[in-house]
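What follows is a short report on a single structure.
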Amino acid sequence: MGGKTGKFLGVPYDWRPLTRERLKSRWWNPDEPRLFTPKALGWGFDVNLARLFGRHGKDSSPGS
């Protein structure tokens with residue numbers, strides 16, 4: 001385990017300072033095919049809520 005991002009034992013980690021863009025890309029990204037995305041901060045996985053709620057494509061935003 002070295003550096004600020006990578007994988008350890010097959011689990012992703014990201015220790016960079018959190019940004020709004022990265023948080024949104026991990027938690028609400030209709031263009032991302034994965035339900036589980038690497039954590040925006042820390043070790044493990046986040047849930048892509050857009051996939052969980054069945055949103056797809058660029059026009060999918062919360063509340064639309």
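Read-outs throughout are calculated quantities, based only on the coordinates presented, and are distinct from any laboratory measurement. Note that this is a predicted model, so its numbers are computed, not measured. Neighbour counts run over all protein chains shown; Cβ positions are idealised from the backbone, glycine included.
Within the range 1-45, can you find the residues that are of a type in the set (S, T, N, Q) and touching a strand residue (DSSP E or B) at 6+ places or on another chain (Cβ under 6 Å)?
T5, T37
Where in the range 1-46 are the strands (runs of 3 or more DSSP E), entirely inside, with at least 1 residues that are under 8 Å from the mean Cα position of the chain (by Cα)?
The strands (runs of 3 or more DSSP E) meeting that bar are 36-38.
Based on this model, can you work out whether L18 counts as surrounded by 10 or more Cβ atoms within 10 Å (Cβ to Cβ) and more than 24 Å from F53 (Cα to Cα)?
Here the answer is yes, as L18 does meet what is asked.
Condition first: of a type outside the set (K, R) and under 11 Å from G42 (Cβ atoms). Now tell me which residues in the range 12-26 satisfy that.
Hits for the range 12-26 are P12, Y13, D14, W15, L18.
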